[in-house]
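The values are calculated or read from the model by the stated rules, or taken from the named source; none is laboratory data. Everything numeric here is computed off the predicted structure, so don't read it as measured data. Neighbour counts are summed over all protein chains in view; Cβ atoms, including those assigned to glycine, are modelled from backbone coordinates with ideal geometry. Accessible surface is based on the protein model in full, side chains and every heavy atom, while ligands, DNA and RNA are left aside. Shrake-Rupley method; radii C 1.70, N 1.55, O 1.52, S 1.80 Å.
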Amino acid sequence: MEEITTRIPFYDLIRDFLVTDSVKNLFLIRHGETYFNLEDRIGGDSSLTPKGLRQAQALAQYFKSKSIPFIYTSKKKRTIETAEPIRDLQPNCSIIPLEEFNEIDSGICECMSYEEIRTQMPEVYYARKRDKYNYVYPCGEGYATMKERVDRGIKKALFLSGRAENIMIVGHRAVNRMILSHFLYRRTEDVPYIYIPQDKFYHIVATQYKKLFQLGPYE
Ligand code: G3H
């Protein structure tokens, strides 16, 4: 288990939400493997592969002994299918799909593989490579333009969770990077490269003087 502990300044509303009179745990999970992942395709609404379902079941076993009253997902099948086995092993748990946690909208590149984008739309591919944080897909979004709605989703999730001790979000690669950017100090241009695996989850605990940040395997 990797562990990073640092002091944090107090100006960020989202981090402040986690710091209340009781310690809150934020479990940030990426959906399991999908059929699109196998082909390196982006966007769309692909389902989990058998391996992705096994990853979801492993998560469910791992979290069985913890109380997870709400799981926030996107509206996409891959996050809901990852959350369902977790919910099924909890005595009292609801899945709340929020469109604010949908993956980055890749506009005219939706459902394409990175290789198809490179060969069919090289201007898109190389412009994004030059400035991934600020680049906005034609008819879609960029990291910079999705920030506001992802932040809205986090605030909604934290508000709906009330005094719950554990908060779980099952999101996507770009969405989870945006969420993590509130806790990890990264230059904006580095945010699109934060490591977001499918076989590990992030556990974030924020107290008044420090944050505890762990990246742990669940299998
Ligand atoms: O479908 C979108 C991808 O998961 C986002 O990853 O920003 O590294 O292309 P990327």
Exercise for the section: Please identify the pairs in which a residue from segment 29-55 that is on the phi > 0 side of the Ramachandran plot has its Cβ atom under 8 Å from the Cβ atom of a residue that is surrounded by fewer than 22 Cβ atoms within 10 Å (Cβ to Cβ) and acidic (Asp, Glu), counting only partners at least 6 apart or on another chain. Expected result: 40/115; 43/105; 43/110; 44/110
Handout entry: Residue within segment 148-166 that is open to solvent by 30 Å² or more (accessible area, probe 1.4 Å) and within 12 Å of the ligand (Cβ to nearest atom) present
Key = no
Handout entry: In segment 179-202, residue most open to solvent (accessible area, probe 1.4 Å) [restricted to those that are touching a strand residue (DSSP E or B) at 6+ places or on another chain (Cβ under 9 Å) and within 15 Å of the ligand (Cβ to nearest atom)]
Key = 195
Handout entry: Residue match in segment 68-81 (condition: open to solvent by 40 Å² or more (accessible area, probe 1.4 Å), aromatic (Phe, Trp, Tyr), farther than 27 Å from residue 149 by Cα and more than 16 Å from the ligand (Cβ to nearest atom))
Key = no
Fill in the blank from the handout: Flagged in segment 102-120 as aliphatic (A, V, I, L, M) and near the ligand (Cβ under 9 Å from one of its atoms), in numbering order, are 104
